[in-house]
Amino acid sequence: MPTPPPNAPPPSPLSPPRPQPPTPMQPTPTQTPPYPRARQRAAPRQVVLAVLLALSLNILWQASRPPARARAQELPPAPSTITLQLAALGDPVALSKATMLYVQGFDDQAGISIAWRNLDYARVVQWLQRVLDLDPRSQYPLLAASEVYGSVSDPARARQMLDFVYARFTEDPNRRWPWLAHATLVARHRLHDLPLARRYAAAIRMQATAASVPAWAREMEVFIAEDMNEPDAARALIGGLLQSGQITDANELKFLAGRLDQLNQKH
């Protein structure tokens, strides 16, 4: 107990006891009762063997499966010209280029490359026609038809492309003659179809009349007629070219005149 100060009156027996200052409580550490550790039980040997066997069988099954093969997708039919014009939103040239890129890249699909001869050429022609319908001044569809798709080893597919070039040549001969000239060479040297080559060459001579068309393009029919052993037709063609006034270059005129003299001497 605390000592009372000096001269303090003695406490009265009836007075209540003085309050004592609180004694600070000492924290008692809490003790966690010890728990027994869980015992680690090993899996039965039969379970371990069963799991290993299942994993082994899964690995063997996956290894025995044939590898996944990519399947080629067929070229879909081309939309109508009206549908593409509506989809162009006022910019048919841009859509024409995008459509051409789509057709050109269709032979290279994910995980597989399709040979041109395995494509559906009737549908390829449809898509090329749509590209030209969207942009008539585009040269790329005719170039692809004559030099890319027309270079396959399948004569029937090559003829499809050459006929497409010939059909669209007549719409703008003075701009599209180079692709028909190439088609003429394909028909002559690769297909060995001289009548077809002569038909294409005759179309160039008669329809491509602009001054920008070179003389050799108009003269192809002459050489094809000679290959067909038709000297009279070759002489007639040369004479017609000389008299038409379409050939104005002095060297070309001299060449044709010399060629005509050779034909006259042989026959």
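The values are calculated or read from the model by the stated rules, or taken from the named source; none is laboratory data. As the structure is a prediction and not an experimental result, all values here were calculated from the model. Protein only, heavy atoms only, side chains kept; ligands, DNA and RNA dropped before computing areas. Shrake-Rupley method; radii C 1.70, N 1.55, O 1.52, S 1.80 Å.
Backbone phi angles across the stretch 211-219, fed through the Karplus curve with coefficients 6.51, -1.76 and 1.60 (θ = phi - 60°), yield HN-Hα couplings of 5, 6, 6, x, 5, 4, 5, 6, 8 Hz in residue order; Gly and Pro are listed as x.
The 3J(HN,Hα) values that the Karplus relation (6.51, -1.76, 1.60; θ = phi - 60°) gives for the stretch 136-146 are, in residue order, x, 8, 5, 9, 5, x, 6, 4, 5, 5, 7 Hz. Gly and Pro appear as x.
In order along the stretch 170-179, phi translates into HN-Hα couplings of 5, 6, 8, x, 6, 10, 9, 4, x, 6 Hz, rounded to whole numbers, per the Karplus curve 6.51 cos²θ - 1.76 cosθ + 1.60 with θ = phi - 60° and x for Gly and Pro. Residue ranking by accessible heavy-atom surface, 1.4 Å probe, largest first, among 97, 254 comes out as 254, 97.
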